[in-house]
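Working notes for the structure below.
What follows is calculated from the coordinates using simple rules that are stated; it is not laboratory data. These numbers come from a predicted model, not from an experiment. Here Cβ is always computed from backbone atoms with ideal geometry, including for glycine, and neighbour counts include all displayed protein chains.
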Amino acid sequence: MATETSQTLDRGLRVLRVLAETQSGLTVTELAARLSVNRTVVYRLVATLEQHALVRRDARGRLHVGLGVLHLASAVQPVLRDLAVPVLRALAESSGCTAHLTVADGEEALALAVVEPSWTDFHVAYRVGARHPLAQGAAGKAILLGRDPAVARFAVTAGELQAGAKGLAAPVRGVDGLEASVGIVTLGVLDVEKLGPQVAAAAADVATRLA
């Protein structure tokens with residue numbers, strides 16, 4: 001027997017997805033065309049979403065995702081951290097490097113969880129909440145790699161975010177709505193041949209936990 005679903009909820013979620021993918025915003029008519037839904041239905045959906053600050057109108061009357069979505073997103077971050085930390089801890093201990101989970105936040109990479117190895121004399125201090133451009137550093141570059149399934153399994157950088165620091169990161173693939181990477185950073189020797197597969201496996205483990 002097929003699972004019963006709510007058509008109205010499904011349409012509302014589709015409204016948010018379409019608006020999230022359109023930076024310039026859409027008119028009600030354009031949104032209705034994208035969804036293949038009557039304009040009257042879209043008006044009702046938009047009015048409801050506006051009441052919850054999930055949709056907003058700009059000065060031209062074009063529709064955008066509202067700030068209410070940020071509150072929902074911020075509630076998801078602790079869940080991501082809780083699921084990823086055991087994987088990061090194992091990676092940090094096995095590699096002797098600082099391990100981290102980084103997510104895309106607009107055009108920036110945001111460090112969401114960091115675990116430092118317990119047995120090393122020196123390791124890189126990497127702060128939760130640290131931000132940098134996606135195109136800079138292994139973590140951000142790995143996220144960009146995740147947008148193309150045909151490219152390399154991991155990204156490697158040296159000295160791009162901190163002098164002397166070397167980074168290696170792999171994209172977290174296959175989790176709808178999430179662009180993220182798992183990576184390590186060290187001031188010592190970075191054995192890419194040995195650690196690359198470990199980091200890629202950790203990223204796959206995180207993806208499995210989030211799926």
Length-normalised contact order for region 23-155 - Cα pairs under 8 Å, 6+ apart - percent: 14
For region 171-180, what does the Karplus curve 6.51 cos²θ - 1.76 cosθ + 1.60, with θ = phi - 60°, yield as ³J(HN,Hα) per residue in whole Hz, taken in order and with x for Gly and Pro? x, 8, 9, x, 10, 4, x, 10, 10, 8
Take the chain, connect every pair of alpha-carbon atoms lying under 10 Å apart with a spring to form a Gaussian network, then pick out the residue of ALA20, ALA113, ALA125 with the largest mean-square fluctuation. ALA20
For the chain, modelled as a GNM with alpha-carbon contacts under 10 angstrom, which of LEU49, LEU112, LEU145 fluctuates the most? LEU49
Let me have the relative contact order for region 98-187, percent, based on Cα pairs under 8 Å that are six or more residues apart. 30
Diffing region 126-137: the Karplus 3J(HN,Hα) column from phi (6.51, -1.76, 1.60, θ = phi - 60°), in whole Hz with x for Gly and Pro, holds 10, 8, 4, x, 5, 10, 7, x, 4, 7, 10, x
Net charge, LEU134 excluded, C-beta distance under 15 Å - Lys, Arg +1, Asp, Glu -1: -3
Most fluctuating residue given options GLY96, GLY66, GLY174, as computed from a GNM of the chain linking Cα atoms under 10 Å: GLY66
Please get the size of the charge dipole for region 27-107, origin at its Cα centre, with Cβ charges of +1 on Lys and Arg and -1 on Asp and Glu, quoted in debye to the nearest 20. 440
Work out the length of the dipole vector of region 91-211 about its Cα centre, built from +1 on the beta-carbon of each Lys and Arg and -1 on the beta-carbon of each Asp and Glu, and round it to the nearest 20 debye. 100
For helix 68-95, what angle does its Cα long axis make with the longest principal axis of the chain, in degrees from 0 to 90 and rounded to 10? 20
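Looking at the chain, which longest stretch skips every one of the GluC sites (Glu not before Pro) that is in a DSSP loop with at most 16 other Cβ atoms within 10 Å, leaving the sites themselves out?
108-211
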Kirkwood-type radius of region 106-200, with distances r between different C-alpha atoms, in Å: 13.5
